[in-house]
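Asker: Starting off with a structure, shown below.
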Amino acid sequence: MIQILQPPAWARPKGYSNGIAVKGGTTVYVSGQVAFNEKAVIEEKGFAGQFRQILKNILAVLVEAGGRPEHIVRMTWYVVDRQEYLDAIREVGAAYRELIGRHYPTMAVVQVAGLVEIDARLEIEAIAVIPDAKSAEKP
């Protein structure tokens, strides 16, 4: 159902895919998530802790549609501070692998001047495609 698009002459990207084609399934759009807990409070102050909470939030929304991490086809990250992102990259990578595994959707990371939630260090939105029964049966 999901085909990774990698031009043969290009170097393989690390941590994302250049393109993904999807056939069949239900598309799920996850709105921009910040590091809110269940009570809409940001407890984590650091970048890596907020990232981990955001991934948990995205996955919780995805579960409501019957989805799993490997169904994510697109993520867009909005970060307040590029250097803060780069400084936390090892912890971010560890949290990503723990919660999503080695599935790398298409991604963009964009530095922004600020976010609506004043304590948020980043916000991430996602798109997933959950296979329908027919698509899931095909190899």
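Asker: Scan the range 107-114 and give yes if some residue there is crowded, with 18+ Cβ neighbours inside 10 Å and within 16 Å of residue 34 (Cα to Cα), otherwise no.
Answerer: No; the residues of the range 107-114 include none that is crowded, with 18+ Cβ neighbours inside 10 Å and within 16 Å of residue 34 (Cα to Cα).
Residue-by-condition table, conditions (1) in contact (Cβ under 8 Å) with a residue 12 or more places away in the chain; (2) farther than 24 Å from residue 85 by Cα:
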residue	(1), (2)
15	yes, no
22	yes, yes
26	yes, yes
32	yes, no
36	yes, no
40	no, no
45	yes, no
48	yes, no
51	yes, no
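Asker: Would you pick out the residues in the range 20-40 that are modelled with pLDDT under 90 and either under 16 Å from residue 62 (Cα atoms) or surrounded by 11 or more Cβ atoms within 10 Å (Cβ to Cβ) (or both)?
Answerer: 20, 22, 23, 24
Asker: Let me ask you something else. Output the strands (runs of 3 or more DSSP E) that fall wholly within the range 50-139 and possess 3 or more residues being among the acidic types (Asp, Glu), or say none.
Answerer: Strands (runs of 3 or more DSSP E) meeting the threshold: none at all.
Asker: Restricting to the range 1-15, name every residue that is modelled with pLDDT of 90 or more and either exposed (fewer than 13 other Cβ atoms within 10 Å of the Cβ) or part of a strand (DSSP E or B) (or both).
Answerer: 5, 7, 8, 9, 10, 11, 12, 13
Asker: Also, I was wondering about something else. Show the residue pairs that are 6+ apart or on different chains and have beta-carbon atoms under 8 Å apart, the first residue being within the range 71-87 and in contact (Cβ under 8 Å) with a residue 24 or more places away in the chain and over 17 Å from residue 102 (Cβ atoms), the second being surrounded by fewer than 15 Cβ atoms within 10 Å (Cβ to Cβ) and β-branched (Val, Ile, Thr).
Answerer: 76/110; 77/110; 78/110; 78/112; 79/110; 79/112; 80/112
Asker: Filter the range 19-48 down to the residues that are within 20 Å of residue 101 (Cα to Cα) and out of contact with any strand residue (DSSP E or B) (no Cβ under 6 Å at 6 or more places or on another chain) and list them by number.
Answerer: Scanning the range 19-48 gives 47, 48.
The values are calculated or read from the model by the stated rules, or taken from the named source; none is laboratory data. Just so you know, these numbers come straight off a predicted model, no measurement behind them. With ideal geometry, Cβ positions are generated from the backbone for all residues, glycine too; neighbour counts draw on all protein chains shown.
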